[in-house]
Each structure stands twice: as C-alpha cells, then as structure tokens.
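Student: I am attaching a structure below and will ask some questions about it afterwards.
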Amino acid sequence: MLSPDHVRVRRRGGELQLLALKGELRERAVVIARDLADVARAHVGKSRGELEEAWEGIAVSPRERKLSLGLAKLVEDASEFESGDAEQAAELRREVFALAAQKRATNALSFARDAILDEVATRRGTTPVALEAELYADLRSAQRLIACQAPAPEALVLGYERAQVQAILLRAVRVVAEVGCASADAYRALFRQLKFRRLLYRVHPLEAGGYRLEIDGPFSLFQSVAKYGLELALLLPALEACQKLRLRAEVRWAHQGKPLTFAYEPTVRAGAEQPPRARDEVAELSAGLSELGAGWQIEPAERVLDLPGVGVCIPDLVLRRASDGAAVLVEVLGFWSRASVWQRVELAQKGLGERLLFVVSSRLRVSEDVLEDADEAALYVYKGRINPRTLVRHAERLLDHGGPSPRRAERAR
Amino acid sequence: MVVLRFADGTLDVQGLEREQEPPGCEWDPRTLGFRAPARAYAELVLWLRKSGLAYDDQARAYSELEPKLALGRAPRPFQTEALAEFRKAGGRGIVVLPTGSGKSHVAVLAIDDRRRSALVVVPTLDLVRQWYDLLRTSFATEVGIVGGGSYELRPLTVTTYDSAYLHMQHFGARFGTVVFDECHHLPGATYELAAELCLAPFRLGLTATPERADGREAVLARLIGPVVYRRDIVELAGEYLAEYATERVSIELSPDERAEYDIERKVYVDFLRASGVRLGSPSGWSDFLMRASRSEAGLRALAAYRRQRELALAAGQKLEYLGLLLDRHRRDRVLVFTDDNATAYAVSRRFLVPVITHQTKVKERSEILQKFSSGEYGVVATSKVLNEGVDVPEASVAVVISGSGSVREHVQRLGRVLRRREGKQAILYELVSSGTGEASTSERRRAHSAYRSAGARSSDAEP
C-alpha cells in the first residue's frame with residue numbers, strides 16, 4: 001500500500017484533488033516505471049541499500065518526485081528481499097565488542113581497532129574487510145534483493161493511480177459513499193466488511209436507487225480522528241465492488257487545520273461489467289415460486305433495511321400477492337450461523353416496518369416459535385430443500401393474520 | 001434499566017431518554033443511544049449512582065488485583081508524599097520527579113494502593129522490558145506484554161504508546177488503573193486516544209519534564225489528571241541523585257569540512273531569503289519543505305540543508321574527540337548519544353562498541369544492556385531509543401555527540417547517568433561544532449535548571 005507521502009494532490013479551497021497523469025507526464029510515468037523496474041531487476045543479488053542508492057540516481061524533475069517514490073514503492077512491494085543471518089551477525093558482534101571492551105579496559109595505550117579486527121578475523125579464518133562487512137549484515141539496508149516481479153510499466157502506472165485513492169483514505173476521518181448494488185449478496189458483502197472493520201454507519205436511501213452510507217468509527221462522534229483511516233482504506237475494494245460508487249471523504253491532510261474533502265468516482269470497477277448472479281438456493285427458490293403460477297409475483301429485492309444500533313437486514317426476494325399488491329420480503333439465511341438468525345429475530349422484534357420472512361435450515365436448530373408473537377416477521381424452518389408452497393403459506397399467513405405459524409396452527413388442529 | 005457497554009473504546013449507553021443528558025455523553029444517531037469516550041466511565045457511573053438510576057454495567061471488565069506487593073522496599077520520603085497526593089486527588093494525577101529518582105516505585109505503590117488490574121504504558125520496548133522485570137519482582141506474579149511482537153494480557157500488563165493507540169479499543173475495559181510512564185508523550189493526535197479509549201478510573205502519569213514545545217501539556221489534566229506532586233533535579237541531587245557535572249566542548253570543523261559547510265549553508269540560507277520563508281514561524285519548516293519540492297533550486301537547498309547539518313552534527317573531529325573521552329573514561333560506563341542512526345552505527349564501527357537503535361532486536365538490546373550493566377561492555381552507543389527511562393545505575397558518563405534542540409531530550413539524556421550509587425560522580429559531555437547552527441541548537445536545549453547548576457562548564461576541544 002502507498003503512503004500519503006506518495007500521493008500527487010493539490011488543494012483547491014476545501015477540496016483535495018488528485019492530479020491526473022496525462023499527456024507528457026503520463027508518458028514520463030511509464031518511462032520512470034520502466035527505469036525503476038529495470039534497475040531493480042539489474043540489482044537482483046545486491047543489497048537494498050545499493051538498490052535505493054541506484055534509484056536515487058534516476059533523474060526526475062521536482063514535479064515527478066512523488067510519482068517516482070510511489071512507483072518505487074510499488075516495485076519494492078513486488079520484490080522479494082532476503083535478510084542476512086541475524087543470529088550469525090549478532091554472534092559476530094558479540095565476539096568483536098567483547099574483545100574490544102576487554103582491550104579498552106586493560107590496555108593503557110590508545111585503542112587499537114585494527115588489531116582487534118585482525119585477531120577476530122584470524123580466529124574465524126577470514127579477512128578484516130570481510131569481517132567488517134558481516135558485522136551489520138542483518139540491517140534492513142543490507143537485505144539482499146532476490147527477485148523482482150514488477151508488472152509491465154503501463155500496469156504499474158495504472159496500479160499507482162488506483163493505490164493513490166487508498167493512500168488518501170488512510171488519512172480519512174469520515175467517508176460518505178453513494179452505492180448501488182445489483183444484488184442482495186453484493187450489499188451483504190459490503191455490510192459484512194463494514195461490520196468486520198468495526199466501522200459505524202448511517203444508511204439513507206437515495207431517490208434514484210441505491211443508498212448513501214455515512215461511515216466512520218465509534219470515537220468519531222467526539223473528535224474527527226484519522227484512527228479509522230486504515231479501516232476506511234481497506235474498505236475501498238468492497239465499495240469499488242458495487243456497481244455504482246460515488247465517494248466523498250473528509251481527510252486530515254498534512255498540517256491543514258480543518259479536514260479537506262476528497263471526491264472519488266471510479267471510472268472502471270472490478271467486476272462491475274459482470275451481471276449480478278443470485279446464490280444457487282435463491283435462484284432455485286425463485287424458479288420454484290414462478291412455477292407455482294399465478295397469484296404471486298417474484299422479483300429480486302434491492303433493499304437495505306437498517307435498524308440503528310441493531311444491524312441491517314438485506315432481503316433476497318420480494319414476494320408480491322397479485323390480488324392486492326401486498327408484499328413480503330424474503331431473506332434466505334439457509335445454513336448461515338445461528339447468530340445471524342438471532343440477529344434477525346432481534347431486528348424483527350424491534351420492528352423493521354416491513355413484512356419479512358426469514359428462511360432458515362433446520363440444521364441451525366432454530367424453532368419457528370421464536371417469532372410467533374411478531375406481527376411483521378416470521379421464520380420458515382425447512383428440512384432438506386426449501387418448499388415454495390410452504391413458503392407461500394407462511395407469506396399468506398404473515399399478510400393476513402400475523403398469528404401463529406401454519407405448522408403450529410396445523411399442530412393445534 | 002440503563003445498560004453500559006464498552007464499544008471499541010467508547011461507552012455505549014442504552015436505556016436513557018434523550019433529555020437526561022448524562023455527563024460526558026453525546027447522542028449517537030448511528031445507534032440511537034448515548035455514547036461517551038471510555039475515559040468518562042468513572043464520571044458516568046458516579047452520575048448514575050447519584051441520580052439513583054438502576055444500571056447494568058457490562059462495560060467494566062477489570063478485576064481486583066490479587067497479588068499484593070511482595071517486595072517490601074521502604075519508600076523514600078518524597079515517594080510517600082507523592083503517593084499521598086495521588087490518593088488525595090482521587091487516584092488521578094501526574095507525579096513529576098527527576099529521572100533516576102525512582103518514579104517507577106511511586107507507580108508500583110500506586111498500583112498496590114488502588115488494587116485494580118493495571119496497565120503500564122511506556123514509550124519504548126526497552127522500557128517494556130524494564131517494567132516487566134519491575135512488576136514481576138514487585139508483585140511476584142506473571143506480567144503480560146503487548147508490543148514488540150507479543151500480545152499477552154494479564155492483570156498486570158505493560159505496553160508501548162504505539163500498541164496502546166492500536167489496541168486500546170480492544171482491551172481498554174480490562175484495567176482499573178493505567179500508568180502513563182513518560183507521560184509527556186501522551187498529548188498528540190494519535191497517542192491521546194490511548195487515554196481516551198481507556199476506561200480505567202484510576203490514572204497516574206509519570207514524567208520528569210511535562211512541558212512540551214507545542215504547549216499541549218495542558219491536555220494532560222483532562223487525559224490523566226492534574227500535577228499532584230513535583231520535585232526538581234536540583235532539589236534531589238546529592239541525596240537521592242548522583243552528583244553530576246556537565247561540560248560543553250566546542251569542536252572545530254576540519255578545514256575541508258568548514259569549506260564545504262560554508263558553501264552548503266550559503267545555498268540553504270540564500271534559498272530561505274529568496275523564497276521569503278521564515279523558519280521561526282509555526283509553519284516555517286513545512287513552508288520550506290513545500291517550496292523546496294517545487295523547483296530544482298529548492299531541491300538543491302534541501303540537499304544543502306541536510307549536508308550542512310550532517311557536517312555539523314557528525315564532524316570528523318567529534319569522533320576524534322570521542323576517542324579521547326573513551327580513553328579517559330576507560331574504566332567507567334559510557335553512553336554515547338547521537339541524533340541519527342547513521343552516526344550511531346559509525347561510532348559502533350569505528351570504536352567497536354555495541355549500538356542500540358530501533359533496528360536492534362529486543363533480545364539483543366537486553367543482552368547489550370545486561371552486559372553494560374555487568375561491566376562486560378564499557379560503552380554503548382545509541383541514537384534516541386535510550387533517551388528515556390532505561391535504568392542503568394552503573395552508567396556515569398554520557399557523551400552527546402549530537403541531538404535536537406529539545407530541552408526534554410537533553411534533560412532525559414542527562415538523567416541516564418544520574419541514578420545514585422555510593423561515591424558516583426556523573427558527567428555529561430556535549431560536543432558542539434563551533435561556528436555552526438549547532439551552537440544555537442545547544443543553547444536551546446540547555447534551557448533547564450539542570451544545566452545552570454555549579455557543575456556546568458564549557459571548554460574547547462584539545463587539538
């Protein structure tokens with residue numbers, strides 16, 4: 001990952017803007033990338049210190065300086081270094097310094113450095129020059145370059161452009177992202193990342209579809225801190241995986257007093273060109289429901305139901321009754337964890353404002369009874385495969401009665 | 001029922017109406033509840049009790065400390081006074097005592113007095129090792145370490161400021177007492193969070209020099225508590241600290257170095273004048289860096305600045321003089337301080353003495369310090385990592401080859417040789433290249449009472 005020191009930006013009022021690489025400068029970037037990678041490949045077998053010194057020798061103008069440092073970092077990330085034997089070097093130092101200390105304490109004459117090196121070198125069957133070289137062979141600058149796998153120069157420059165955004169987010173105190181995903185699973189992946197990164201958020205639906213997420217951390221309520229910058233930077237790939245993304249971040253940049261605003265809207269997104277694909281069990285259920293014929297319309301859901309402080313629920317399907325247009329949202333939890341079921345139960349008990357049917361495998365050992373008192377939600381626990389007819393019965397009950405589940409009603413009869 | 005939860009270094013407070021406004025809390029629309037920095041825990045709990053509100057405290061995860069103080073070392077009178085003042089302040093406050101006077105023992109007494117699981121936060125890995133030994137011996141129990149590749153939490157744990165900043169959000173509820181050693185490090189955009197995200201109701205800060213160049217020591221009162229006790233070096237010298245002298249030695253650059261220094265200095269100063277940068281202003285240095293990065297002349301001026309500084313700080317004559325000092329003090333324990341790693345390694349290579357920098361692994365550091373302590377090594381070179389806290393009572397000579405203009409750094413370096421031993425006379429040599437910018441740097445860092453005592457003198461280097 002690049003650091004903010006590698007980023008080419010300018011400040012315009014309260015905005016922080018990336019400087020575009022175009023025209024002659026882009027051509028220069030490719031040349032510099034090629035030079036850096038060539039020098040690295042030519043230094044395989046040599047020390048990191050020597051490589052860095054050789055890189056310093058590549059002529060760049062002041063405006064190309066950060067670009068060059070950033071590209072060098074990417075080449076370095078694509079290289080492999082080997083450390084000298086730390087134990088061996090430490091052992092040598094131990095021997096040399098102990099002898100030197102002994103001589104210094106006992107010898108009334110001036111300290112004789114060369115004699116000490118000679119003595120240790122003779123003992124070890126080597127030369128004083130080789131001995132000196134080995135003395136600090138375990139330092140970072142002495143690490144040996146053993147391979148350089150840098151990509152082609154054009155790819156390196158592209159990588160630099162993308163890595164700059166992540167480097168800026170390292171200094172972010174808050175991110176506002178407008179996202180649009182074509183599938184429930186894509187939204188789920190994003191919210192899973194938010195939870196995994198222990199970030200907090202507020203969710204607002206957008207008129208044109210999609211959601212605006214205001215993302216920061218627990219302590220951000222009191223102080224605008226960059227503590228969550230690393231997590232926000234690591235969240236970027238999950239945001240970029242959305243079909244639509246427009247991002248604005250507040251960043252603490254250099255010694256600027258107030259945070260600056262940084263805007264980003266990727267032009268090319270990884271995976272965005274691929275059509276959304278539902279999970280197999282959801283696709284199978286959807287097909288099964290369609291085969292049932294008239295009476296119900298099935299469509300993929302694109303909703304994020306958020307209950308602040310409790311969590312989100314992202315249904316897979318909307319089951320709409322043809323006769324009155326009433327809808328039930330269906331989330332297929334399948335074999336997920338029991339914890340995810342209990343979280344849905346808590347959400348349902350606190351009220352999400354929608355009719356929700358959670359579909360859970362019996363292997364999770366959860367009873368449908370746990371939601372029997374809820375008016376707006378129900379559990380359908382299935383054995384083996386999801387039965388579309390039973391699911392529809394649950395949906396009808398939910399819309400018409402909000403009473404006990406069909407199975408419980410049957411048992412009661 | 002009000003429910004308190006520790007949530008990533010904050011307190012999540014559920015079950016209160018918005019208009020109740022608990023102290024230190026703000027309404028959090030993200031979770032529809034109140035939230036406070038974990039630091040506000042004690043204040044919040046006292047308010048709940050005072051208000052007669054029933055609450056379920058799921059936040060507190062610290063325990064009563066089982067092991068009692070096992071080592072019955074009698075405290076010195078000023079240590080007893082410091083503990084009494086800390087107690088009087090409700091177990092929150094800062095104790096200011098000179099290096100070498102036994103600040104750590106005050107902390108041990110305070111931890112024992114409060115009897116809560118305790119976390120000690122220190123600036124360096126060397127200090128982690130030292131505190132680990134101290135707590136283990138004092139309480140005769142195992143001690144946890146977080147930092148330097150370890151992550152082991154125990155009722156008594158030592159960590160670094162860096163690790164505390166990174167991990168306090170995870171373990172900040174597990175300690176009832178927190179000790180910030182060298183607490184002048186705490187104010188700052190990042191380290192401050194180590195105190196904010198910690199729930200410990202009892203907080204002790206230790207330092208010899210709370211004052212900071214940026215004036216941010218004022219926030220220590222909020223993060224830890226007020227200064228509850230203070231004694232100066234000159235008050236304790238002789239009785240509790242070793243007698244000491246300081247000697248500033250002016251070193252002449254060689255003719256070649258002088259010629260190069262003058263050329264490089266002129267390039268740098270001419271650029272400053274031409275670009276109108278005022279280094280004395282608060283943003284002076286960043287203005288210079290920004291302007292320097294924009295032109296060939298600027299980059300040349302930056303290189304010239306670095307070179308003239310390097311010539312002044314690492315003048316060849318300084319190493320010659322160091323050779324004389326090492327001969328003179330061949331039977332003493334000598335610490336050699338430099339401003340940068342390159343010079344520290346140069347000293348090591350030239351005089352064949354061990355060096356400790358941030359690159360030295362913990363195991364090797366421990367071994368070097370142990371051998372220095374036992375007398376197997378007479379000299380240790382270091383850049384900045386031994387500036388603070390490391391306890392080597394046997395060290396009696398400090399040679400400052402180069403350093404920053406920081407008063408604190410200079411006082412801390414002097415402190416390394418002040419730990420008292422019978423008949424010990426400590427001395428600190430400061431080598432300064434005459435006729436260079438380093439002379440004014442030296443003036444700035446000596447602005448402390450410790451350098452104005454009768455033992456301070458200046459001399460010129462022998463040819």
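Read-outs: derived from the displayed coordinates by stated rules, not from any lab. Please read these numbers as outputs of a predicted model, since none were measured by experiment. All Cβ positions, even for glycine, are placed from backbone atoms using ideal geometry, and neighbour counts span all protein chains on display.
Student: About the Cα centre of segment B:1-158, how large is the charge dipole given +1 on each Lys and Arg Cβ and -1 on each Asp and Glu Cβ? Please answer in debye to the nearest 20.
Tutor: Its charge dipole is roughly 500 debye.
Student: What does the C-alpha gyration tensor say about the overall shape of segment B:240-366? Classify as rounded when a/c is under 1.5, otherwise prolate if a/b is larger than b/c, or oblate.
Tutor: prolate
Student: Further question: With a sphere of radius 12 Å drawn around the Cβ of B:LEU272, what net charge do the other residues whose Cβ falls strictly inside it have (Lys, Arg +1; Asp, Glu -1)?
Tutor: On the way: positive: B:ARG265, B:LYS266, B:ARG273, B:ARG278, B:ARG291; negative: B:ASP270, B:ASP287.
Once positives and negatives cancel, what remains is +3.
Student: Another one. With unit charges on the beta carbons (Lys and Arg positive, Asp and Glu negative) and the dipole taken about the Cα centre of the protein assembly as shown, which residue among B:VAL122, A:LEU67, A:HIS6 sits farthest to the positive side?
Tutor: B:VAL122
Student: While we're on this one: Using a Förster distance of 25 Å, how high is the FRET efficiency between B:GLU252 and A:GLU132, based on the Cβ-Cβ distance and rounded to 0.05?
Tutor: Numbers: r = 29 Å, r/R0 = 1.16.
So, using R0 = 25 Å, E works out to roughly 0.30.
Student: Could you give me the ³J(HN,Hα) list for segment A:73-81, computed from phi with Karplus coefficients 6.51, -1.76, 1.60 and θ = phi - 60°, whole Hz, x at Gly and Pro?
Tutor: Going residue by residue, I get 5, 5, 5, 4, 4, 8, 10, 10, 10 Hz, with x marking Gly and Pro.
Student: Further question on the same structure: Using only atoms on other chains, find how many Cβ atoms lie within 10 Å of each Cβ of peptide A:212-218 and report the average.
Tutor: Counting other chains' Cβ atoms within 10 Å and averaging over A:212-218 gives 3.
Student: OK, next. To the nearest 10 degrees, how steeply does helix A:229-240 sit against the main Cα axis of chain A, on a 0 to 90 scale?
Tutor: Between the helix axis and the principal axis of chain A, the angle is about 50 degrees.
Student: Label 7 Å along Cα→Cβ of A:GLU354; segment A:282-311 residues with amide nitrogen under 20 Å?
Tutor: Those under the cut-off are A:282-287, A:289-290, A:296-311.
Student: Separate question: Which peptide among A:37-46, B:221-230, B:8-17 comes first, and what is the full order, when sorted by highest mean count of other Cβ atoms within 10 Å?
Tutor: Descending mean neighbour count gives B:8-17, B:221-230, A:37-46.
Student: Take the Cα of B:GLN58, step 7 Å along the line toward its Cβ, and report every residue of segment A:337-362 whose backbone nitrogen sits under 19 Å from that point.
Tutor: In segment A:337-362, the label zone of B:GLN58 (backbone N under 19 Å from the point 7 Å along Cα→Cβ) covers A:338-351.
Student: Counting partner chain Cβ atoms within 10 Å of every residue's Cβ in B:128-138, what's the average?
Tutor: That average works out to 0.
Student: Using a simple spin-label model with points 7 Å from Cα along the Cα→Cβ vector, what separation in nm is obtained for B:SER51 and A:ARG65?
Tutor: Here the modelled spin labels are 5.5 nm apart.
Student: Among bridges DSSP assigns within chain B, what percent are antiparallel (round to 5)? Display every interim value, and only then the final one.
Tutor: Working: 17 of 74 bridges.
Around 25 percent antiparallel, to the nearest 5.
Student: Out of the DSSP beta bridges found with both residues in segment B:77-231, what percent are antiparallel (nearest 5)? Let's see the in-between values first.
Tutor: Working: 3 of 28 bridges.
Roughly 10 percent of the DSSP beta bridges within segment B:77-231 come out antiparallel.
Student: Along the Cα-to-Cβ line of A:ALA86, 7 Å from the Cα, sits a label point; which residues in segment B:341-384 have backbone N less than 12 Å from it?
Tutor: The answer is B:359-365.
Student: What dipole magnitude, in Debye to the nearest 20, does the protein assembly as shown give about its Cα centre under +1 on Lys/Arg Cβ and -1 on Asp/Glu Cβ?
Tutor: For the protein assembly as shown, the charge dipole is close to 980 debye.
Student: Top mean-square fluctuation among A:ALA101, A:ALA339, A:ALA226, Gaussian network model of chain A, C-alpha springs under 10 Å?
Tutor: A:ALA101
Student: Can you give the FRET efficiency to the nearest 0.05 for B:ARG76 and B:ALA439, using r as the Cβ-Cβ distance and R₀ = 41 Å?
Tutor: 0.60
Student: Taking beta carbons within 10 Å but only from partner chains, what does the mean come to for residues B:8-15?
Tutor: Partner Cβ neighbours, averaged per residue: 3.
Student: Further question on the same structure: Subtract the Cα-Cα distance of B:GLU320 and B:ARG306 from 0.36 nm times their separation in residues, and report this length gain in nm to one decimal.
Tutor: So the chain would gain 2.8 nm between B:GLU320 and B:ARG306.
Student: Also: Highest mean first, how do B:259-267, B:163-171 rank when packing is the count of other Cβ atoms within 10 Å averaged over residues? Intermediate results must be reported in sequence, preceding the final value.
Tutor: Values: B:259-267: 16.2, B:163-171: 21.7.
Ranked from most to least packed, the peptides come out as B:163-171, B:259-267.
Student: Follow-up. Run lengths n ≥ 4 of DSSP H only: what is the helix-derived mean residue ellipticity at 222 nm for the protein assembly as shown, with -39500 (n - 2.57) per run over all residues, to the nearest 500?
Tutor: -12500 deg cm²/dmol
Student: Work from the charge dipole of the protein assembly as shown (Cβ charges, +1 for Lys and Arg, -1 for Asp and Glu, about the Cα centre) and give the residue of B:ALA194, B:SER348, B:PRO255 farthest towards its positive end.
Tutor: Most positive-ward Cα: B:ALA194.
Student: Tally Lys/Arg at +1 and Asp/Glu at -1 over every other residue whose Cβ is under 11 Å from the Cβ of A:SER361; what's the total? Intermediate results must be reported in sequence, preceding the final value.
Tutor: Values: positive: A:ARG338, A:ARG363, A:ARG365, A:LYS383, A:ARG385; negative: A:GLU281.
So the surrounding residues net to +4.
Student: Extension gain B:ARG421-B:TRP285, at 0.36 nm per residue separation less the Cα-Cα distance, in nm?
Tutor: 44.6 nm
Student: How high is the FRET efficiency between A:ASP280 and A:SER362 when r is their beta carbon distance and R₀ equals 30 Å, given to the nearest 0.05?
Tutor: Calculated value: 0.95.
Student: Taking the Cα centre of each part, how many Å lie between segment A:74-111 and segment B:119-152?
Tutor: If you average the Cα positions of each part, the centres end up 27 Å apart.
Student: Turning to a different aspect of this structure: Provide the percentage of antiparallel DSSP beta bridges, counting only those with both residues in the protein assembly as shown; round to the nearest 5.
Tutor: 45 percent
Student: At most 13 other Cβ atoms within 10 Å and a DSSP loop assignment: could you name the GluC sites (Glu not before Pro) in segment A:168-222 that fit?
Tutor: Within segment A:168-222, the qualifying GluC sites (Glu not before Pro) (loop, at most 13 other Cβ atoms within 10 Å) are A:GLU207.
Student: A further question follows. Of B:LYS361/B:LYS424; A:LYS73/B:LYS363; A:LYS103/B:LYS318; B:LYS363/B:LYS384; A:LYS195/A:LYS227, which sit over 20 Å apart, Cα to Cα?
Tutor: Too far apart for the 20 Å limit: B:LYS361/B:LYS424; A:LYS73/B:LYS363; A:LYS103/B:LYS318.
Student: B:GLU296 versus B:SER373, label points 7 Å from Cα toward the beta carbon: distance in nm?
Tutor: Simple spin-label model gives 5.7 nm for this pair.
Student: Measure nothing but the geometry: give the 0 to 90° angle between the long axis through the Cα atoms of B:77-88 and the longest principal axis through the Cα atoms of chain B, rounded to 10°.
Tutor: 40 degrees
Student: Roughly how big is chain B's charge dipole about its Cα centre, with Cβ charges of +1 (Lys, Arg) and -1 (Asp, Glu), in debye to the nearest 20? Present the calculation step by step, with values, prior to reporting the outcome.
Tutor: Working: 64 positive and 61 negative charges, 74 e Å.
With Lys and Arg at +1 and Asp and Glu at -1, about 360 debye.
Student: So, one more: Would you tally the net charge around A:PHE222, using a Cβ to Cβ cut-off of less than 9 Å, leaving A:PHE222 out, and scoring K and R as +1, D and E as -1?
Tutor: It works out to a net charge of -1.
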